1. Being of a type in the set (A, V, I, L, M) and out of contact with any helix residue (DSSP H, G or I) (no Cβ under 6 Å at 6 or more places or on another chain) is the filter here; which residues of the stretch 96-117 pass it?
2. Look through the stretch 175-196, keep the residues that are of a type in the set (A, V, I, L, M) and not in a strand (DSSP E or B), and return whichever of them is nearest to Lys68 (Cα to Cα).
3. Tell me the residue from Leu189, Leu196, Leu122 that is surrounded by 22 or more Cβ atoms within 10 Å (Cβ to Cβ) and farther than 25 Å from Gly47 by Cα, please.
4. Is it true that some residue in the stretch 69-82 is of a type in the set (Phe, Trp, Tyr), crowded, with 17+ Cβ neighbours inside 10 Å, touching a helix residue (DSSP H, G or I) at 6+ places or on another chain (Cβ under 6 Å) and in contact (Cβ under 8 Å) with a residue 24 or more places away in the chain?
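Each value in this text was obtained by applying a stated rule to the coordinates, not by laboratory testing. What you see is a predicted model; the values in this text were computed from it and never measured. Cβ atoms come from the backbone with ideal geometry, glycine included; neighbour counts cover every protein chain shown.
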Amino acid sequence: MQKIVILNGGVGNFSNVQKAVGGIISNEINDIKKADKIILPGVGSFGIVSNNIIPLKDYILEHIDKNKPFLGICLGMQLLFESSEEGEGTGLSYLPGKVVKFKNMKVPHIGWNSVEFSKDSLIFRGIENGSFFYFVHSYYITTEDQYTISYTEYESRGKTCKFTSSVQKENVFGVQFHPEKSGEKGIKLLENFKNL
């Protein structure tokens with residue numbers, strides 16, 4: 001039986017994710033070492049959660065290097081990158097790019113919004129392009145197109161910002177939205193990850 005570890009970075013929707021995929025909620029090194037799959041949910045401040053995760057960085061990257069699946073959710077996706085305008089702290093630096101704030105727009109970007117696929121991905125299997133997912137965030141990631149698998153447009157105060165809403169590099173996935181709060185489509189995405 002596969003072992004799924006939901007990383008406890010201090011702040012996150014751990015129980016809702018656990019309801020969808022099972023597994024255990026932990027930040028113990030032994031659990032990370034034995035994990036078949038890791039999910040990193042996160043809400044709140046980049047700096048605070050970064051400080052909690054960085055001591056585990058080498059073990060997380062070792063998991064990834066073994067070609068085991070990893071999923072970052074919301075702030076957990078942002079932590080795959082190098083740094084954030086939100087504050088101090090460094091990310092896992094697995095992907096190139098940084099996290100920036102929506103400029104001259106109402107924040108947070110909150111509520112349901114559509115996700116437009118730019119590449120095929122196993123985590124979107126059985127989910128229609130343009131499906132709506134639930135977002136809550138004031139910052140978004142800037143990265144190379146080769147890692148972006150979906151975009152979302154946020155309209156506010158007469159401006160539109162098209163941002164990367166999910167990423168993939170090999171066995172590593174990240175979503176800016178909250179699948180655990182996104183009804184059937186979100187549960188389907190989490191099941192797809194579980195079944196990789």
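1. If the condition is that a residue be of a type in the set (A, V, I, L, M) and out of contact with any helix residue (DSSP H, G or I) (no Cβ under 6 Å at 6 or more places or on another chain), then Val100, Met105, Val107, Ile110, Val115 are the ones that fit.
2. Filtering the stretch 175-196 down to residues of a type in the set (A, V, I, L, M) leaves 175, 187, 189-190, 196.
In the following step, the residues that additionally are not in a strand (DSSP E or B) were identified as 187, 189-190, 196.
Working: Ile187: 21, Leu189: 17, Leu190: 16, Leu196: 9 Å.
Filtering the stretch 175-196 for residues that are of a type in the set (A, V, I, L, M) and not in a strand (DSSP E or B), the one nearest to Lys68 (Cα to Cα) comes out as Leu196.
3. Numbers: Leu196 fails: surrounded by 22 or more Cβ atoms within 10 Å (Cβ to Cβ); Leu122 fails: surrounded by 22 or more Cβ atoms within 10 Å (Cβ to Cβ).
Of the residues listed, the single one that is surrounded by 22 or more Cβ atoms within 10 Å (Cβ to Cβ) and farther than 25 Å from Gly47 by Cα is Leu189.
4. Yes, the stretch 69-82 contains at least one residue that is of a type in the set (Phe, Trp, Tyr), crowded, with 17+ Cβ neighbours inside 10 Å, touching a helix residue (DSSP H, G or I) at 6+ places or on another chain (Cβ under 6 Å) and in contact (Cβ under 8 Å) with a residue 24 or more places away in the chain.
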